[in-house]
1. If you take the residues in region 20-54 that are part of a helix (DSSP H, G or I) and touching a residue at least 12 places away in the same chain (Cβ under 8 Å), which one is surrounded by the most Cβ atoms within 10 Å (Cβ to Cβ)?
2. Name the single residue, out of those in region 255-281 being within 16 Å of the chain's Cα centre (by Cα) and assigned to a loop (DSSP other than H, G, I, E, B), that is surrounded by the fewest Cβ atoms within 10 Å (Cβ to Cβ).
3. Determine whether residue 18 is on the phi < 0 side of the Ramachandran plot and at pLDDT 95 or above.
4. Return the residues of region 118-127 that are loosely packed, with under 12 Cβ neighbours inside 10 Å and either at pLDDT 95 or above or within 13 Å of residue 71 (Cα to Cα) (or both); say none if nothing qualifies.
5. For residue 229, indicate whether it is buried (at least 19 other Cβ atoms within 10 Å of the Cβ) and assigned by TED's automatic domain parsing to the domain that holds residue 277.
6. Out of the residues in region 135-174 meeting the condition of being within 14 Å of the chain's Cα centre (by Cα) and part of a loop (DSSP other than H, G, I, E, B), tell me which one is surrounded by the fewest Cβ atoms within 10 Å (Cβ to Cβ).
7. Scan region 182-211 for residues that are more than 24 Å from residue 114 (Cα to Cα) and surrounded by 12 or more Cβ atoms within 10 Å (Cβ to Cβ) and jot them down.
8. Go through region 55-120 and tell me which strands (runs of 3 or more DSSP E), entirely inside it, have 3 or more residues that are touching a residue at least 24 places away in the same chain (Cβ under 8 Å), under 18 Å from residue 42 (Cα atoms) and under 19 Å from the mean Cα position of the chain (by Cα).
C-alpha cells in the first residue's frame, strides 16, 4: 500500500503545482504587453460615476488558463479629454479559460469633478497609478466597502485639495470615518457638521422645498438611493438612502433646497443595488416659467 499512497501523494503535489502556476495573476497591462489578452473599457450607462461607472470586456488570447488583475488605484483615461478620469476603487481578479471572453463591471470614482460624465462613444485606457495618497484613499474605501456618494466627495476633496468638511452622508458613522481618515491623510482639519448648513449636512432641512417621488415595486430586498445630478451628469447630492428596502410596492419621496441648488436642469436617479433603474430629467427653468405664467394669469396680468 505504501507505494500506492506515495503515487497519490506525488500526483496531488503535481496538481497543486500546476494549478498554482496557472493561477498566478498577471496585471491587465502586463498580460496585454505579452499579447495574452485584449480588452476594452467603456462607460457603464446602467450605473453612476461613483458606483460601477465602467464595464470591461477582456478576452484570453492564449492557450492557457489566466488570472488577470485590475488593481485598486488603477486609473482609467477616457478617449475624450472633456470626460472625467476614473480611479478603480476595488480590485478585480478575473479567471479566464483559454480563449474565454468575459465582461465585468468595474467599481470606481470620478477624479475630475469639473469634467462631464462619459458618453456612449468614449473608450478608456488603463494605466497604473503613481499617486500614493490617492492609492491610500482607494484602499481605505475598499477595506471599508465604501462605494458611496460620501466616498466620492472624499475623492474629490483629495484630488482638488478641497474642504473635507464637504464630505457628508446619510450614515453619520461613515461620514465621520471618512473625515477622520482624510484628516490623517492630508493634515487638514474637520469640524462637527453644522446642522443648519444644507450643503454639508445630509439632514439639514431645505428652506425652499422642491421634490417629487418614485413609485417602484421590488421583488426582493434591495438597497435604494435617490441621487441628484447636474446637466453634465455629475453628482450634486444624495437625497434618499435606505438599506434593505423590503419587497413590495413603494412610494419613495425626495426633495432638495432650490435656494441652494439653482441650476436650470437636474437629473434625479433611482439607484437600486448600484444600478440606475429610473433617470428623470427636470427642466427647472421651464417649471419656474410655467409657475410664473400661471400666477400672472391668476392675477389677471
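The values are calculated or read from the model by the stated rules, or taken from the named source; none is laboratory data. Predicted model only: the values in this text are computed from it and were never measured. Reconstructed Cβ throughout: ideal geometry from the backbone, glycine too, with neighbour counts over all protein chains shown.
1. That would be 31.
2. So the residue we want is 273.
3. When the stated conditions are applied, residue 18 does not pass them.
4. Result: no residue meets the conditions.
5. Considered against the rule, which asks whether it is buried (at least 19 other Cβ atoms within 10 Å of the Cβ) and assigned by TED's automatic domain parsing to the domain that holds residue 277, residue 229 comes out as yes.
6. By that ranking, first place goes to 145.
7. Within region 182-211, 193, 194, 204, 206, 208, 210, 211 meet the criteria.
8. So the answer is 75-78, 86-88, 101-106, 108-110.
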